[in-house]
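The values are calculated or read from the model by the stated rules, or taken from the named source; none is laboratory data. Treat the numbers as computed from the prediction; the structure is a model and nothing was measured. Virtual Cβ from ideal backbone geometry, glycine too; neighbours counted across all protein chains shown.
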């Protein structure tokens, strides 16, 4: 379903979804088609949070699907099957003038969000299986703990409802897969060595800096939460 239709809850009702789920799906589609277009500062430039979404919509190669799965805690195998079916749709149904712009958003309103991330954990094979098919999978849900690679305080994966995003695996995706050996191997089998400006990502110095930054952010967030709690407990 293209973005204009996906943002209309009546279309999902017509497809058999409940009124409540249809509203959640449409709201999520609205978010996915607009939030990534917001301009942010990335080092020395300002651009969209995701610079691929705008061109993808212009090319009419961004599509939406929704899963009727109502099991809040589906098994890994069940989510594997959902992803494989979505990947088949991605391969057979989405065309683009530039293959890099192909994108499929799969919304799963009935599933606990964190299950999406658990099912694609690096210890499991499904994500690497899809990488080998040329598809990168991203996990989005309201409480997603993953920040953007360019801003540790921007949690751009916190969508209104749980969803998987499938898009074409491209050379600059090294930044997203460099910490997992199996994924690095698949990347090199597909593209060879990463571009020179990305090769430091995933290295020992980079990993050390990431660990320090993560610990610092944890301290800052703990202090912030403590201040908020103290403020709320003070008499007015």
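Determine, yes or no, whether residue 84 is over 17 Å from residue 157 (Cα atoms), free of Cβ contacts under 8 Å to residues at least 60 places away in the same chain and not in a helix (DSSP H, G or I). So residue 84 does not fit the description; no.
Residue count for the range 16-29, restricted to those that are touching a residue at least 40 places away in the same chain (Cβ under 8 Å) and either crowded, with 16+ Cβ neighbours inside 10 Å or in a helix (DSSP H, G or I) (or both): 7. The criterion of being at negative phi, in the same structural domain as residue 118 (by TED's automatic domain parsing), within 23 Å of the chain's Cα centre (by Cα) and at pLDDT below 95 does not hold for residue 213.
To keep it simple, each residue is scored yes or no on (1) more than 17 Å from residue 24 (Cα to Cα); (2) free of Cβ contacts under 8 Å to residues at least 40 places away in the same chain; (3) out of contact with any helix residue (DSSP H, G or I) (no Cβ under 6 Å at 6 or more places or on another chain); (4) surrounded by fewer than 22 Cβ atoms within 10 Å (Cβ to Cβ).
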{"residue": "150", "(1), (2), (3), (4)": "yes, no, yes, yes"}
{"residue": "153", "(1), (2), (3), (4)": "yes, no, yes, yes"}
{"residue": "161", "(1), (2), (3), (4)": "no, no, no, no"}
{"residue": "171", "(1), (2), (3), (4)": "yes, yes, no, yes"}
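Comparison of 196, 156 shows that the only residue that is at pLDDT 50 or above and in contact with a strand residue (DSSP E or B) (Cβ under 9 Å, 6 or more places away or on another chain) is 156. Please tell me if residue 111 is closer than 24 Å to residue 145 by Cα, crowded, with 20+ Cβ neighbours inside 10 Å and out of contact with any helix residue (DSSP H, G or I) (no Cβ under 6 Å at 6 or more places or on another chain). Yes. Of all the criteria given as (1) at pLDDT 95 or above; (2) more than 19 Å from the chain's Cα centre (by Cα), the one not satisfied by residue 218 is (1). In the range 6-15, the residue that is nearest to residue 150 (Cα to Cα) out of those that are free of Cβ contacts under 8 Å to residues at least 40 places away in the same chain and part of a helix (DSSP H, G or I) is 9. The set of residues in the range 110-138 that are farther than 19 Å from residue 167 by Cβ and part of a helix (DSSP H, G or I) comprises 113, 114, 115, 118. Inside the range 71-81, residues that are free of Cβ contacts under 8 Å to residues at least 24 places away in the same chain and surrounded by fewer than 13 Cβ atoms within 10 Å (Cβ to Cβ) make up a count of 2.
Do we find a residue being at pLDDT below 95, in the same structural domain as residue 157 (by TED's automatic domain parsing), closer than 24 Å to residue 9 by Cβ and touching a strand residue (DSSP E or B) at 6+ places or on another chain (Cβ under 9 Å) anywhere in the range 73-93? Yes: one or more hits.
From the list 55, 36, the one residue that fits, being part of a helix (DSSP H, G or I), in contact with a strand residue (DSSP E or B) (Cβ under 9 Å, 6 or more places away or on another chain) and either in contact (Cβ under 8 Å) with a residue 12 or more places away in the chain or closer than 27 Å to residue 128 by Cβ (or both), is 36. Within the range 132-150, the set of residues being out of contact with any strand residue (DSSP E or B) (no Cβ under 7 Å at 6 or more places or on another chain) and within 22 Å of residue 32 (Cα to Cα) comprises 141, 142, 143, 144, 145, 146, 147, 148, 149.
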